[in-house]
Amino acid sequence: MRDHLAPRVLRTSRLTLRPPTRADHDFLGALHGDPELYRHAPWARQTDPAAFAVDFAGWRGMWTELGFGYWVVLDCAGEAIGFAGLRPAAPGRLNLYYRFAGAAHGHGFAREAARAAVTHAAEWLPGHVVEAVVMPGHTASIRTAESAGLILAGTRRHPGDPAEVGESLVLEGPSIERIDALDDELRHDVLALFSRVTDAGGSVGFLPGTPVREIAAALAAHEDEMAAGRAFAVALRDGSALAGWAWWVRSVNSLLGHGRWLYRFMVDPARQGRNVGAILLAATTGLARTDGAEQLHLSYRSGSGLGEFYAKGGYVEVGRLPGVIRVAAGDDRDEVWMSRRVDGGPLVADGRR
């Protein structure tokens, strides 16, 4: 189900996520038997050692069978503090799970791990929507799911819940789609997003207040590239709303055909701060890989604060053109170039390995 190049271990600014080993048995047993961690669903607490042994074997088996699953979450000191990850829930759907020891609560660790898991799925598990099924009163868990990029999509009875409990909330991550041509409705939505991002100061080639006709001309130029087979777009939708968009462009020079250039990376300003940008960047990387790309390139305007964001997505600064972008009189910015390999390996001069 997963690309063979996909990493098994994830690292964030404070955490390491790795598959469970036999040595994790006691920690995970205590975690899933702690009554304080099951106050919202006491019936789900695992107190039977034999039943837990089956669960534990299943978690490890997911990694063998599927190549993904639940990770044990370690802090900076290498101590296990939680359990988080993904499992198949239904065709095309992955369930997001997170549970942390009481001492780790209140530090944002669950949020950090959940974001990493959802972003990982966007790049390495294409064609799946991530969901979280949460009890209505479990505010902290709902906030964690929302911070990872999921939005409320409805309600559903959770298997195993007592009948009197009722239905749980279902939160869903954005859907991701490769776009090779625009119809009238999608063209309208992309132009509206392009304009909102521009007016919010986004680094997409224009300054706030740019007339819509100029933005429309840029959109038309990208459509021409798509029609010529040199470009495709990546759409990210929250429900039916267009939340993000980007283009991959292939050079007409055959010497550069193994690379793709990322243009007009856009996230709806109203959705920023909820992991949507990271999900979109991961999704664009995954779709470029399936398109046959080996190297990925992008540029951004200095002073926009985007360097750290792209670096978290695996991109490395490879150069800059000093002062080439004139934002206003006396305000010249650099054009900063970043690249990454789709397999996540290091960039090496002259392609030496």
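The values are calculated or read from the model by the stated rules, or taken from the named source; none is laboratory data. What you see is a predicted model, and the numbers here were worked out from it, not measured in a lab. Don't worry about glycine lacking a Cβ; one is built from the backbone with ideal geometry, like all the others, and counts go over all protein chains shown. Surface areas here come from the heavy atoms of the whole protein model, side chains and all, with no ligands, DNA or RNA. Shrake-Rupley method; radii C 1.70, N 1.55, O 1.52, S 1.80 Å.
Computed values, structure above
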item	result
Check: the range 7-78 dipole with +1 on Lys, Arg Cβ and -1 on Asp, Glu Cβ, in debye	320 debye
Rounded tilt (10° steps) of 109-124 against the dominant C-alpha axis of the chain	60 degrees
Cα-centred dipole magnitude for the range 151-229, charges only on beta-carbon of K, R (+1) and D, E (-1), debye, nearest 20	240 debye
Degrees, to the nearest 10: 212-227 long Cα axis against longest axis of the chain	80 degrees
Accessible area of the range 1-137 belonging to carbon and sulfur atoms, whole % at 1.4 Å probe	55 percent
Once exposed loop GluC sites (Glu not before Pro) are cut out (DSSP; at most 16 other Cβ, 10 Å), longest piece of the chain	168-293
Taking the C-alpha atoms of the chain, convex hull volume expressed per residue in Å³	164 Å³
Net charge, TRP261 excluded, C-beta distance under 12 Å - Lys, Arg +1, Asp, Glu -1	+3
Calculated SAXS-style log₁₀ I(q)/I(0) at q = 0.13, 0.22 Å⁻¹ - the range 151-208, Debye, Cα scatterers	-0.62, -0.95
Solvent-accessible area per residue, Å², over the chain with all protein chains present [probe radius 1.4 Å]	48 Å²
